[in-house]
Amino acid sequence: MPHNYSYWEQTEFVNNADVTIIGSGIVGLSAALHLKKEQPTLKVLVLERGFLPSGASTKNAGFACFGTISEQISYLKRSSEADVLRMVDYKWRGLQRLRQNLGDAAIDFQQNGGYELFGNHEQKQSEQALDRLTYFNNLLKQAIGAPDIYAVADDKIAGFGLSGVSRMIVNRFEGQLNTGKLMRVLLQKIYNAGVLVLNDCSVNEIKPDDGHIQLITSQGHFNAGKVILATNAFASQLYPELEVIPGRGQVLVTKPITNLKLKGTYHFNEGYYYFRNIDNRVLFGGGRNIDFKAEESYDFGNTESVKQQLVTYLNEMILPDQNAEIDYWWSGIMGFGEDINPIVKQVQTNVFCAVRCNGMGVAVGSLVGEEVAGLALLSF
């Protein structure tokens, strides 16, 4: 579709960016913020395919977490102890940077702890986790800088109103935040820094062109000195060689619940299910492990099998016998890989990527964005 851009549009919007960032999620906006902090005169443009940030940045559950014991055990099965420690350190430092950049009050950050639940039928799994409690406390102390990160919290099960839960482990350093406020504050910060964000602009191709990079988009051709790809799960659509697998996360929110007892964040089944209290409602998501292949999708939406499982857990375990009414359903698309580390690298001359946050974008996104911005700055 031809675009009849004026001289003003061509010179101030389309063709003058020193750095164009593809994707206006946490990673892309954090990269923009870091670029302007380090070099305020840079002209930085952000292109976003959606009306709002696509993917998961405005669709996540708002968990400020760095992992349950069961998740750490799972990571340890496919990575080294050093890798597991490095990723916990990375997530922890990323959360601190997010809070430092935006302020706790602005994003409604609360450190109420994170809980891992084990059902009555999961005796083996709970024993395995409890057996490793001291080990992971000693290991993660090197990253968090404090002892007793994980502790048994069985005495709180009844107080939270949960049913069918036999054991519970608390991580007292985990927190929660308001995802919507986070993204609004981040957007406002980059607007104030002079960064331009253009929405409804899908990038279909990235190619070198006479000393600059040309972006073939749904809104015409854009030129940039350098490009940062921050589309997480969608990165392999432009660079198929990148090992990024999409993973759809489906989420519900109930109508307000009188005297809701939940406080903190909650995970079970190796983190594949998660819930929390938000405005006296239950936010509950997960179920990707019911059918991994079906959920390796770029398509937003909800599936009956996952919806049914979430509703069953909601009515039997989280809010037993309350038949809670559901107010919202949605889904987000995350980027995963066998390697637990994000991909931050140069993919071709003057093109860099920061993708594959493995479902931990809230925790790692700020640092991943800064890292890729640093790579781009080194190439000037």
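Scanning for something touching a helix residue (DSSP H, G or I) at 6+ places or on another chain (Cβ under 9 Å), charged (D, E, K, R) and assigned to a strand (DSSP E or B), does the stretch 176-183 turn up at least one residue? Can you show your working first?
Step one: of the stretch 176-183, the residues touching a helix residue (DSSP H, G or I) at 6+ places or on another chain (Cβ under 9 Å) are 177-179, 181-183.
Those still in the list that are charged (D, E, K, R) too: 181.
Retained after the next criterion (residues that are assigned to a strand (DSSP E or B)): none.
No: the stretch 176-183 contains no residue that is touching a helix residue (DSSP H, G or I) at 6+ places or on another chain (Cβ under 9 Å), charged (D, E, K, R) and assigned to a strand (DSSP E or B).
Filter the stretch 238-271 down to residues that are in a loop (DSSP other than H, G, I, E, B) and either polar (S, T, N, Q) or in contact with a helix residue (DSSP H, G or I) (Cβ under 9 Å, 6 or more places away or on another chain) (or both), then give me how many there are. Give the steps one after another, and end with the answer.
From the stretch 238-271, those in a loop (DSSP other than H, G, I, E, B) are 239-244, 255-264, 269-271; that's our starting set.
Subset that is either polar (S, T, N, Q) or in contact with a helix residue (DSSP H, G or I) (Cβ under 9 Å, 6 or more places away or on another chain) (or both): 242-244, 258-259, 261-264, 269-271.
Residues that pass the stated criteria total 12.
Pick from Asn277, Asn289: which is part of a strand (DSSP E or B) and either touching an Asp or Glu at 6+ places or on another chain (Cβ under 6 Å) or without any contact (Cβ under 8 Å) to a residue 24 or more places away in the chain (or both)? Full working, then the answer.
Values: Asn289 fails: part of a strand (DSSP E or B).
That would be Asn277, the only listed residue that is part of a strand (DSSP E or B) and either touching an Asp or Glu at 6+ places or on another chain (Cβ under 6 Å) or without any contact (Cβ under 8 Å) to a residue 24 or more places away in the chain (or both).
Let me confirm something: among Gln96, Gln72, which residue is at pLDDT 95 or above, of a type in the set (S, T, N, Q), surrounded by fewer than 16 Cβ atoms within 10 Å (Cβ to Cβ) and outside the structural domain of Thr265 (by TED's automatic domain parsing)? Write out each step before concluding.
Working: Gln72 fails: surrounded by fewer than 16 Cβ atoms within 10 Å (Cβ to Cβ).
Just one listed residue meets the conditions, Gln96.
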How many residues of the stretch 294-322 are in a loop (DSSP other than H, G, I, E, B) and either under 19 Å from Arg49 (Cβ atoms) or of a type in the set (S, T, N, Q) (or both)? The answer is 8
Counting only helices (runs of 4 or more DSSP H) wholly inside the stretch 101-171, the ones holding at least 1 residues that are in the same structural domain as Leu260 (by TED's automatic domain parsing) are none
Scanning the stretch 218-244 residue by residue, the ones that are of a type in the set (Val, Ile, Thr) and either farther than 26 Å from Trp329 by Cβ or surrounded by fewer than 17 Cβ atoms within 10 Å (Cβ to Cβ) (or both) total 2
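Only one of these is surrounded by 23 or more Cβ atoms within 10 Å (Cβ to Cβ) and over 22 Å from the mean Cα position of the chain (by Cα): Val46, Val19, Val27. Name it.
Only one candidate passes the filter, namely Val19.
Every residue, every condition in (1) closer than 30 Å to Gln100 by Cβ; (2) modelled with pLDDT of 95 or more; (3) over 22 Å from the mean Cα position of the chain (by Cα); (4) surrounded by 19 or more Cβ atoms within 10 Å (Cβ to Cβ), yes or no:
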residue	(1), (2), (3), (4)
Leu130	no, yes, yes, no
Asn137	yes, yes, yes, no
Lys141	yes, yes, yes, no
Ile144	yes, yes, no, no
Asp155	no, yes, yes, no
Ser163	no, yes, yes, no
Leu186	yes, yes, no, yes
Gly194	yes, yes, yes, no
In the stretch 296-306, is there at least one residue being in contact with a strand residue (DSSP E or B) (Cβ under 8 Å, 6 or more places away or on another chain), over 30 Å from Ser236 (Cα atoms) and of a type in the set (A, V, I, L, M)? no
One residue from Val368, Val344 being of a type in the set (A, V, I, L, M) and without any contact (Cβ under 8 Å) to a residue 40 or more places away in the chain: Val344
Pairing a residue in the stretch 316-328 that is more than 16 Å from Asn259 (Cβ to Cβ) with any residue that is among the hydroxyl-bearing types (Ser, Thr, Tyr), where Cβ atoms lie under 6 Å and the two sit 6 or more apart in sequence or on different chains, gives Met317/Ser163; Ile326/Thr254
Scanning the stretch 57-94 for residues that are out of contact with any helix residue (DSSP H, G or I) (no Cβ under 6 Å at 6 or more places or on another chain), closer than 14 Å to Val362 by Cα and outside any helix (DSSP H, G or I) gives Lys59, Ala61, Phe63, Cys65, Gly67
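To keep it simple, each residue is scored yes or no on (1) surrounded by 14 or more Cβ atoms within 10 Å (Cβ to Cβ); (2) closer than 24 Å to Thr68 by Cβ.
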residue	(1), (2)
Pro256	no, no
Lys261	no, yes
Tyr272	yes, yes
Phe275	yes, yes
Asp291	no, yes
Tyr298	no, no
Phe336	yes, yes
Val344	yes, no
Consider Lys207 against the criteria (1) touching a residue at least 12 places away in the same chain (Cβ under 8 Å); (2) in a strand (DSSP E or B); (3) farther than 17 Å from Phe51 by Cα: it satisfies all of them except one. Which criterion is unmet? (1)
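The values are calculated or read from the model by the stated rules, or taken from the named source; none is laboratory data. All values reported here derive from a predicted model rather than from experimental measurement. Please note: Cβ atoms are built from the backbone with ideal geometry, for glycine as well, and neighbour counts cover all protein chains shown.
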